[in-house]
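Below is one structure, written out as structure tokens, with a few remarks after it.
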Amino acid sequence: MDTGYQTLVLNRLWQPVNVVGVERAFSLLSLDHAQVIYAEDESFRVFDAAKWFEFCKEAEASRGNRIIHTVNQSVIVPSVLLLRTYDRILLQEMKFNRQNLLERDDYRCQYCGKTFAPKELNMDHVLPKDRGGGTSWENVVTSCIRCNSKKSNRLPREAGMSLLKEPKRPSRRPFVSSLYGKQLEKTWEFFIQGK
């Protein structure tokens, strides 16, 4: 088997919970723990193992399909699997660091709203550190140098400024974070990016 292929795994609620290799994907499918979600023409079809192998026999080997060869037939490696019973979400706190903060705030100054290159953005403590403000998701935002200087060591309202949005801890599942910046399977985008 080509172990380079990967399969996105969704929980029963159609939310991404993992990415697995080919062998694990076929194991989940053959043990009837999962079904294949097959995307076609902006809709989805769901197959159990028997129906998937039957579908693969009838399907033409279209360009772009990930194929493996068994003793009896060629099989399309599922791009997305839906677990039959697992309905929890894998949770992990996203680490607080500069890069994750830039991503959370979309490389945008949280005071003027303009987008900047990373080197042109600062980490601003909404409640200044010397006034008891901590370095946390709930108290730090990205700000451009101009707005950071204007705000200085004050609260935003004291400087006549306001935040675009209240700073909050981002909610992102761990494997989604690990996929950031990588080329995603086209069929995964709907589930990961909510398209």
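Read-outs throughout are calculated quantities, based only on the coordinates presented, and are distinct from any laboratory measurement. Only a predicted model underlies this, so the values are computations on that prediction, with no experimental measurement involved. Glycine also receives a Cβ, built like all others from the backbone with ideal geometry; neighbour counts cover every protein chain displayed.
Here are the numbers:
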read-out	value
Centre separation in Å (Cα based) which lies between region 108-175 and region 22-49	44
Ile67-Asp106 FRET efficiency (beta carbon distance; Förster radius 45 Å; 0.05 resolution)	0.70
Kirkwood hydrodynamic radius of region 1-53, from inverse mean 1/r over distinct Cα pairs, in Å	11.7
Computed magnitude of the charge dipole of region 98-159 (debye, nearest 20; Cβ of K, R +1, Cβ of D, E -1)	220
Gained length - Ser30 relative to Lys129, 0.36 nm times residue gap less alpha-carbon distance	30.1 nm
Extension reserve of the Glu40-Thr115 stretch, reckoned as 0.36 nm per residue once the Cα distance is removed	23.4 nm
For q = 0.12 Å⁻¹, Debye-computed log10 I/I(0) when each Cα of region 98-159 counts as one equal scatterer	-0.24
Point-charge dipole on Cβ atoms (K/R +1, D/E -1) for region 65-171, about Cα centre, debye to 20	200
Mean Cα-pair separation over length for region 98-159, i.e. relative contact order, pairs under 8 Å, 6 or more apart, %	33
Ranking of Lys168, Lys150, Lys119 by count of other Cβ atoms within 10 Å, fewest first	Lys119, Lys168, Lys150
